[in-house]
Amino acid sequence: MLPPQAETTGSRSVPADRRTRDRVLALLLERGTATAAELGDALQLSPAAIRKHLDALLTDGDVVSRQRPVRAGRGRGRPAKVFTLTDAARLRCGRHTYDNMATAAMRWIATHGGEGAVDAFAADQVSALESRCREAMEGAGDDPIARAEALAEALTAEGYAANASTIATGGQLCQHHCPVAHVAAEFPELCEAETAVISRLVGTHVQRLATIAHGDGVCTTHIPAQQGTPTGTVRTDK
């Protein structure tokens with residue numbers, strides 16, 4: 001652990017600042033409430049340093065502050081200010097716990113399930129999504145690009161924030177959110193199973209160009225143009 005005087009400014013300190021703030025959030029999740037002094041003591045941070053991190057967390061909407069209730073018999077001094085997590089930050093901390101547990105479960109499957117166990121699990125997990133999307137895509141026709149547009153709407157309804165567009169070489173399906181990105185970073189079989197679902201739903205071979213799990217900003221899938229289909233124009237995302 002770095003002593004208080006080791007904290008620096010500049011671009012190189014940004015990751016360290018984020019890690020320190022994550023530790024503040026974890027401590028508040030454990031304790032419920034704490035004063036700046038209590039947090040500083042627990043994390044071995046100077047008063048100025050802990051105030052800097054708390055100010056940033058307040059600005060980001062991760063914590064809120066309030067006056068600690070005065071106990072009977074206490075002196076007339078000003079009540080201490082305590083900090084606690086916002087609902088949004090609490091949910092995010094819970095999500096990290098879920099991600100870690102899911103990753104541990106996948107490791108167990110890979111170790112004890114035998115050859116192909118992770119692939120089988122991944123395929124099973126996306127089968128229900130495939131069924132729901134297929135039902136939502138009824139009436140989309142046979143054209144893969146039109147089906148990609150219908151699939152984007154179905155995936156958006158599932159929380160993937162997806163959109164489809166026509167480009168010079170065919171179509172492109174983009175997903176701006178991935179609920180399993182943390183786990184898929186270690187187990188790309190989840191991405192591969194999802195890509196297979198996309199291929200079956202649009203009715204043609206597709207190519208995954210980028211994934212959030214791999215560190216890209218968006219999951220991007222290319223849908224090749226069909227022979228005889230005009231591709232000279234680019235249509236706005238639907």
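The values are calculated or read from the model by the stated rules, or taken from the named source; none is laboratory data. A quick note: this is a predicted structure, and the numbers were derived from the prediction, not measured. Cβ: placed from backbone, ideal geometry, glycine included. Neighbour counts: every protein chain shown.
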Give region 212-228 a look and list any residue that's modelled with pLDDT under 95 and more than 12 Å from I145 (Cα to Cα), or say none. I212, A213, H214, G215, D216, G217, V218, Q227, G228
Which of the numbered conditions does A164 fail, given that it passes all the others? Conditions: (1) within 19 Å of A102 (Cα to Cα); (2) at pLDDT 95 or above. (1)
In region 99-151, residues that are out of contact with any helix residue (DSSP H, G or I) (no Cβ under 6 Å at 6 or more places or on another chain) and over 30 Å from A164 (Cβ atoms) total 12
Could you list, in sequence order, all residues of region 194-213 that are in a helix (DSSP H, G or I) and either basic (K, R) or under 19 Å from the mean Cα position of the chain (by Cα) (or both)? E194, T195, R200
Over region 21-36, the set of residues exposed (fewer than 15 other Cβ atoms within 10 Å of the Cβ), in contact (Cβ under 8 Å) with a residue 40 or more places away in the chain and assigned to a helix (DSSP H, G or I) is A26
From the set of residues in region 61-87 that are in a loop (DSSP other than H, G, I, E, B) and either touching a Ser or Thr at 6+ places or on another chain (Cβ under 8 Å) or modelled with pLDDT of 80 or more (or both), which is nearest to G40 (Cα to Cα)? A80
So M101, is it free of Cβ contacts under 8 Å to residues at least 12 places away in the same chain, over 30 Å from S65 (Cβ atoms) and not assigned by TED's automatic domain parsing to the domain that holds T35: yes
Apart from one, (1) buried (at least 22 other Cβ atoms within 10 Å of the Cβ); (2) more than 22 Å from the chain's Cα centre (by Cα); (3) among the aliphatic types (A, V, I, L, M) all hold for L190; the odd one out is (2)
Can you find a residue that is part of a loop (DSSP other than H, G, I, E, B), in the same structural domain as V183 (by TED's automatic domain parsing) and free of Cβ contacts under 8 Å to residues at least 24 places away in the same chain anywhere in region 120-139? yes
Checking A213 against (1) of a type outside the set (F, W, Y); (2) within 18 Å of A102 (Cβ to Cβ); (3) touching a residue at least 40 places away in the same chain (Cβ under 8 Å); (4) in contact with a Leu (Cβ under 9 Å, 6 or more places away or on another chain), which single condition isn't satisfied? (3)
